[in-house]
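Participant: Here it is, the structure in full.
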Amino acid sequence: MGIFEKFKSGFKKSASAFTTGLRDIVVKEEIDDKTLDKIEDYLIQSDVGIVSASEIREIISQTKIDPNKDLTHEINNILKNYIISIMKPLENIEFFKKKEKLNATLISGVNGVGKTTTIGKISKILKGNGNKVMLAASDTFRAAAIDQLENWANKVDVQITKSSQGSDPASVAYKAIEEALNNNFNQVLIDTAGRLQNKKNLMEEYKKIANVTKKIDPNAPHDVILVLDATSGQNVINQVEEFNKIIPITGLIMTKLDGTAKGGILLAVAKKYKLPIVALGLGEKEDDLQIFEAEKFAEAFTQIN
């Protein structure tokens, strides 16, 4: 199954729900103001965000649509082009390419977003591109997280640096980067404890990990990736806001897009924060992390190619 087919299959729930709802609204041969209002409200309900919904409404109102054509298809086509215009500048394919020198990446996110699994999948892509990968099990808050990351390291055949549960997370990150430098690794992925803004001790540990990496390389962490769960809906906006305050985010990965009818939340995040989008998670298998491409996302979301 090719990348477009995976996207299309993964987004079927979002796209089917969206198109069905849209078709129920567009029942006339022409689109009047009342219909435009309904479309805008529906877009907001689909989590694409108030600003995007308003802009899409305006584009539809300014577009001359042939009443002899399928109006739902025409509106979906407008949506597709809008998504591409917003998201194309946010592609970050460079993230997965082979690095000439050590690149330390901090992976963050709240509990349950699929962070550790995502690290395993990232590792496989990086390794496939010729990178020598080291994982740092700095989520020492949960023993299960250390075991899970080790299982992924074994599965995709990359190295791991770990310690016991309750160990200092920053020391694990430091040790991993040190080992990576001494053994010519060029990628270190640092797992961190899932945290919310009300867990002050975990937030402090998170800052400490970032600060420790700077002792080895002043430019580290070179990437700070926030993993988001699409099924969380509007909560992801708050997560981006809070994490970005602590250490500036350089990229986003959204998971579980195959399990929600509200995949539009990624558009809302893209419009509001304009942060690079690294990849999308569309399932549990090793190969179910897809490098983000705006056109593929837009085609899958609208089911138009």
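The values are calculated or read from the model by the stated rules, or taken from the named source; none is laboratory data. Bear in mind that the values here come from a model prediction, so they are computed numbers and not experimental data. Cβ placement follows ideal geometry from the backbone for every residue including glycine, while neighbour counts extend to all protein chains displayed.
Participant: Can you work out which of the residues in the stretch 217-243 that are assigned to a helix (DSSP H, G or I) and in contact with a strand residue (DSSP E or B) (Cβ under 8 Å, 6 or more places away or on another chain) is nearest to Pro276 (Cα to Cα)?
Facilitator: Val240
Participant: Restricting attention to the stretch 153-164, which residues are over 21 Å from Leu102 (Cα atoms) and surrounded by 15 or more Cβ atoms within 10 Å (Cβ to Cβ)? Reasoning before the result, please.
Facilitator: Filtering the stretch 153-164 for residues over 21 Å from Leu102 (Cα atoms) gives 154-155, 163-164.
The answer is Ser163, and nothing else.
Participant: Any idea which of (1) buried (at least 20 other Cβ atoms within 10 Å of the Cβ); (2) in a helix (DSSP H, G or I); (3) in contact (Cβ under 8 Å) with a residue 24 or more places away in the chain is the one Gln148 doesn't satisfy?
Facilitator: That leaves (1) as the condition not met.
One line per residue, one yes/no per condition, for (1) buried (at least 23 other Cβ atoms within 10 Å of the Cβ); (2) in a strand (DSSP E or B):
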{"residue": "Lys99", "(1), (2)": "no, no"}
{"residue": "Ala104", "(1), (2)": "yes, yes"}
{"residue": "Thr118", "(1), (2)": "yes, no"}
{"residue": "Lys121", "(1), (2)": "yes, no"}
{"residue": "Leu126", "(1), (2)": "yes, no"}
{"residue": "Asn131", "(1), (2)": "no, no"}
{"residue": "Ala136", "(1), (2)": "yes, yes"}
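Participant: Considering only residues that are over 19 Å from Tyr42 (Cα atoms), among the hydroxyl-bearing types (Ser, Thr, Tyr) and crowded, with 19+ Cβ neighbours inside 10 Å, which ones fall in the stretch 251-302?
Facilitator: Listed by number, the list holds a single entry, Thr255.
Participant: Would you point out the residue of the stretch 106-116, among those that are polar (S, T, N, Q) and surrounded by 18 or more Cβ atoms within 10 Å (Cβ to Cβ), that is nearest to Leu149 (Cα to Cα)? Before the answer, list the steps.
Facilitator: Filtering the stretch 106-116 for residues polar (S, T, N, Q) gives 108, 111, 116.
Still in the running and surrounded by 18 or more Cβ atoms within 10 Å (Cβ to Cβ): 108, 116.
Working: Ser108: 14, Thr116: 6 Å.
So the residue we want is Thr116.
Participant: Take residues that are at pLDDT below 90 and small (Gly, Ala, Ser) and tell me which of the strands (runs of 3 or more DSSP E) falling wholly in the stretch 249-305 contain 3 or more.
Facilitator: none
Participant: Also: Under 9 Å by Cβ, and 6 or more places apart or on different chains, what pairs join a residue from the stretch 163-175 that is in the same structural domain as Ala210 (by TED's automatic domain parsing) and under 10 Å from Ile190 (Cα atoms) with one that is assigned to a loop (DSSP other than H, G, I, E, B) and among the basic types (Lys, Arg)?
Facilitator: Val172/Lys162
Let's see how each residue does on (1) polar (S, T, N, Q); (2) assigned by TED's automatic domain parsing to the domain that holds Leu22:
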| site | (1), (2) |
| --- | --- |
| Gln62 | yes, yes |
| Asn68 | yes, yes |
| Asn76 | yes, yes |
| Glu100 | no, no |
| Thr117 | yes, no |
